[in-house]
Amino acid sequence: MSDYESKSPPSSPKETVEKKPKRESVKMTDSQKEDLKKHMEKVGKKMSASEKKSHRMKMMGRMRKGMSVKQAHKDIK
């Protein structure tokens, strides 16, 4: 008997990985949207288009978790 035959086949990685439950999406309120719009008008003047988009997406992610505009901006910096 060779070494290959005596070893059991390795378990597939899919069997050991547990699936995480999907997070439920949380939508921004109208007031949050307005606050973010005002914030972007103020800080976006100095940014390129790609920087604006990146900043806005980071802000949105944090605001959906319940942060205010000020808290989210401070967290990014």
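The values are calculated or read from the model by the stated rules, or taken from the named source; none is laboratory data. Owing to the predicted nature of the structure, the values given are computational and were not obtained by experimental measurement. Don't worry about glycine lacking a Cβ; one is built from the backbone with ideal geometry, like all the others, and counts go over all protein chains shown.
Take the residues of the stretch 24-46 that are loosely packed, with under 13 Cβ neighbours inside 10 Å and under 16 Å from I76 (Cβ atoms): which is modelled with the lowest pLDDT?
Among those that are loosely packed, with under 13 Cβ neighbours inside 10 Å and under 16 Å from I76 (Cβ atoms), it is K46.
I'm trying to understand the selection: among the residues of the stretch 47-62, which are loosely packed, with under 13 Cβ neighbours inside 10 Å and part of a loop (DSSP other than H, G, I, E, B)?
Across the stretch 47-62, the qualifying residue is only S48.
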